[in-house]
Amino acid sequence: QVQLVESGGGLVQTGGSLRLSCAASGRGFTINVMGWYRQAPGKQRELIARITSDGRTNYGDSVKGRFTISRDNAKSTGYLQMNSLKPEDTAVYYCAADVTTFLPKHDSRYWGQGTQVTVSS
């Protein structure tokens, strides 16, 4: 079993920055792909950024050029640096990790609990 714990959300003014963290813990696992999703009230959850184990990244159009995803494999932690925040970025942000656990070998997706980001105008 793997747990993901997010931190770093909060209230920020338009144009401000926040950095989200997602720390994975457990025994005998490796993270293949880590992604950040967000869900605004009344909207579907959307993928906004993802990063592979070798550092390749992809971004949604709504955050491209403003958000940066990264990861520290030694710490099993992912990050989302959010700059130039806008009111429309207000949402609950979730991290997700596609994980391979060993003994027995198994692939699963795990989710963090979500962290609220609110951008005031």
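The values are calculated or read from the model by the stated rules, or taken from the named source; none is laboratory data. The shown structure was predicted, so the numbers you read here are calculated from the model rather than taken from an experiment. Note that we place each Cβ from the backbone using ideal geometry, even for glycine, and neighbour counts take in every protein chain shown. SASA here: full protein model, heavy atoms, side chains in, ligands and nucleic acids out. Shrake-Rupley method; radii C 1.70, N 1.55, O 1.52, S 1.80 Å.
Determine, for the chain, the count of lysine pairs separated by eight or more sequence positions (or lying on different chains) whose alpha-carbon distance falls under 26 Å.
Numbers: 43/64; 43/86; 64/75; 64/86; 75/105.
The number of close lysine pairs in the chain is 5.
About its Cα centre, how strong a charge dipole does the chain have in debye, to the nearest 20, once Lys and Arg get +1 and Asp and Glu get -1 at the Cβ?
On the way: 14 positive and 9 negative charges, 15 e Å.
So the dipole magnitude of the chain works out to roughly 80 debye.
Using a 1.4 Å probe on the protein chains only, how many percent of the accessible area of the chain belongs to carbon and sulfur? Spell out each step's value before the answer.
On the way: 3140 of 6550 Å².
Whole-percent figure for carbon plus sulfur exposure: 48.
Given 10 °C and 1.306 mPa s, compute D for the chain with the Stokes-Einstein relation, Rh being the Kirkwood radius over Cα pairs; round to the nearest whole µm²/s.
Details: Rh = 14.5 Å.
In µm²/s, the coefficient is 110.
Run the simple label-point estimate for residue 75 and residue 46 please: 7 Å along Cα→C-beta, distance reported in nm.
The answer from the label model is 2.9 nm.
When Rg is the radius of gyration of the Cα atoms in region 59-121 and Rh is its Kirkwood radius, what does Rg/Rh come to? Could the numbers behind the result be given before it?
Values: Rg = 14.6 Å, Rh = 13.8 Å.
Rg/Rh: 1.06.
Hey, if you drop one equal point scatterer on each alpha-carbon of region 17-77 and run the Debye formula without solvent, what base-10 log of I(q)/I(0) do you get at q = 0.17, 0.18, 0.22, 0.27 Å⁻¹?
-0.64, -0.71, -0.97, -1.25
What trypsin sites (Lys or Arg not before Pro) in region 26-58 are in a loop by DSSP, with at most 16 other Cβ atoms within 10 Å of the Cβ?
Listed in order of number, the matching sites are 27, 43, 45, 56.
So, R0 is 30 Å and r is the distance between the beta-carbons of residue 83 and residue 107; what FRET efficiency does that work out to, to 0.05? Each step should come with its number before you reach the end.
On the way: r = 33 Å, r/R0 = 1.10.
Working from the Cβ atoms, E equals 0.35.
Which of the chymotrypsin sites (Phe, Trp or Tyr not before Pro) found in region 46-121 are in a DSSP loop and have at most 11 neighbouring Cβ atoms, other than their own, within 10 Å? Intermediate values should be presented prior to the final figure.
Details: sites: 59, 67, 79, 93, 94, 102, 110, 111; in loops: 102.
Filter output for region 46-121: 102.
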